[in-house]
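A.B. asks: Input: one structure, supplied below.
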Amino acid sequence: MSEKAREGFIIALIIAGFLWVIYLIMKIKGFGDLNVDNLSDEEIAAIKSSIRSTVIIGGFIIGGLMGAVVQRSKFCIAAACHSIVTTRDLTQTRAYAMALFVAILGTQILYKLGYVDINYSIYVSSPFTWLSYIVGGFIFGVGIVYAGGCASRILVRAGEGNLGGLVSVMAFIFTSGATLWGILAKVRVDYFNKLTLNFQTQYIPDIINAVPFWVILVVIEAVLLIFMLRAPKDSEWWGWRWPLAGVAIGLTIVFAWWLNGLAFKTLPVIDSFSFTGPDDPTLLQRWRPKSLTFALADAQAFRYIILWTGESINFAIATVFGVIFGSFIAAVISRTFNWVAPPLEQFKYNLLGGLLMGFGAVLALGCNIGQGLSGFSTLSAGSILTMSFILIGAISGAKFLQWRLMRSL
């Protein structure tokens, strides 16, 4: 099979994956249209189980789609910032802008049509912990440059056989778990989470309520579009062209919101309960609308593997497994899978970068995918602040590494 045929086969698989997710979404929507008065308790229990399974399967497929797209396009925020510093090339940044353009437009359409209530998402409903966003975002940004890849890219690198990527993933899991549940959690809670601004919501159109929603949306989308059209043309880009990569990544964010948003909307109808009621205080935490993020998901996936009997799989865990699987399949089909062991010096950077990424991502309530795409697509003020400092941290880290390299010559 020729290289062109292999790439065509991968694209066909990705299209089939998106169609499968649409089928799963329509399946959940169908459950919401049922007349629950005519259903027995056993039938309701079966439907609830089916919704949960559908969300998990959808998470695995969406993760697989992202893994395959990132593997073939080399989409990476760390690479974007490194290119800005070293070659002044903005092609990777344009790919991110395209992904953000699609994610924002799609998510806001879903919100306005009532398919997903982003007001229940962590990005809009959480307290505005400004110091966490700034410090966590900056640390995470520095980390992705040292690790040689952003949150999604290090998973993909592990999936395509890069042992340096695997080291970064394990280091990321270690510090993210410690910051969520371990010794670093006290630092996060006592010194960062207590510093908040009194916002009733982080949804920017509600904060700036004097300006109509559509004006804010048009301005943001116009800025992204102008940047994509006016930024210096490409050069350093391997794999798929940046518009295709950006659109595909953006669609994974939108489809994840759509799938989880409908599940969140359908479950109370089927089982006659309220997520904010006294029935089970953990229901909202488990089922709140969500999209792709790896700050919590990587640590949860590792805990699921080592505990197994005491844990249950969820959407976030399924996406992690999906990203690794999707990148592996794409690498095998394209014949780019290779076991690669970087030099010892690079291993040190992979380890340090992963450690910084794990702490920064949890502190900032998300990574470059969680806050930078999923959160940003909700027009959350915290997400925009976090992503700004992720970029500042990454560019600062790239400048420092360049300075060290020049000094050693």
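The values are calculated or read from the model by the stated rules, or taken from the named source; none is laboratory data. Please read all numbers here as calculations on a predicted model, not as lab measurements. A quick note on method: Cβ atoms are made from the backbone with ideal geometry, for glycine too, and the neighbour counts reach across all protein chains shown.
A.B. asks: So which of 106, 149 ends up being in contact with a Cys (Cβ under 8 Å, 6 or more places away or on another chain) and either surrounded by fewer than 24 Cβ atoms within 10 Å (Cβ to Cβ) or in a loop (DSSP other than H, G, I, E, B) (or both)?
C.D. replies: 149
Here's the yes/no breakdown for (1) of a type in the set (Asp, Glu); (2) in contact with a Phe, Trp or Tyr (Cβ under 7 Å, 6 or more places away or on another chain); (3) buried (at least 24 other Cβ atoms within 10 Å of the Cβ); (4) at pLDDT below 95:
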position	(1), (2), (3), (4)
237	no, no, no, yes
249	no, yes, yes, no
256	no, no, yes, no
273	no, no, no, yes
283	no, yes, no, yes
291	no, yes, yes, no
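Every residue, every condition in (1) of a type in the set (Val, Ile, Thr); (2) in contact with a His (Cβ under 9 Å, 6 or more places away or on another chain); (3) surrounded by 24 or more Cβ atoms within 10 Å (Cβ to Cβ), yes or no:
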| residue | (1), (2), (3) |
| --- | --- |
| 358 | no, no, yes |
| 367 | no, no, yes |
| 374 | no, no, yes |
| 386 | yes, no, yes |
| 396 | no, no, no |
| 405 | no, no, no |
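A.B. asks: Determine whether residue 116 is in contact (Cβ under 8 Å) with a residue 12 or more places away in the chain and not in a helix (DSSP H, G or I).
C.D. replies: Yes: the conditions hold for residue 116.
A.B. asks: Counting only residues that are closer than 19 Å to residue 387 by Cβ, part of a helix (DSSP H, G or I) and either of a type outside the set (S, T, N, Q) or more than 21 Å from the chain's Cα centre (by Cα) (or both), how many does segment 156-197 have?
C.D. replies: 2
A.B. asks: May I pose another question? Looking at (1) in contact (Cβ under 8 Å) with a residue 12 or more places away in the chain; (2) part of a helix (DSSP H, G or I); (3) surrounded by fewer than 24 Cβ atoms within 10 Å (Cβ to Cβ), which one does residue 332 not meet, given that it meets all the others?
C.D. replies: Tallying (1) in contact (Cβ under 8 Å) with a residue 12 or more places away in the chain; (2) part of a helix (DSSP H, G or I); (3) surrounded by fewer than 24 Cβ atoms within 10 Å (Cβ to Cβ), residue 332 fails exactly one: (1).
A.B. asks: Anything in segment 283-327 that is in contact with a Leu (Cβ under 9 Å, 6 or more places away or on another chain), more than 12 Å from residue 55 (Cβ to Cβ) and part of a helix (DSSP H, G or I)? List them, or say none.
C.D. replies: 283, 298, 299, 300, 320, 322, 323, 324, 326, 327
A.B. asks: Further question on the same structure: With (1) closer than 30 Å to residue 6 by Cβ; (2) out of contact with any Cys (no Cβ under 8 Å at 6 or more places or on another chain) as the list, and residue 365 as the residue in question, which single condition is left unmet?
C.D. replies: Condition not satisfied by residue 365: (1).
A.B. asks: Which of the residues belonging to segment 369-389 are within 15 Å of residue 77 (Cβ to Cβ) and touching a Leu at 6+ places or on another chain (Cβ under 9 Å)?
C.D. replies: 369, 370, 371, 372, 373, 374, 375, 376, 383, 386, 387
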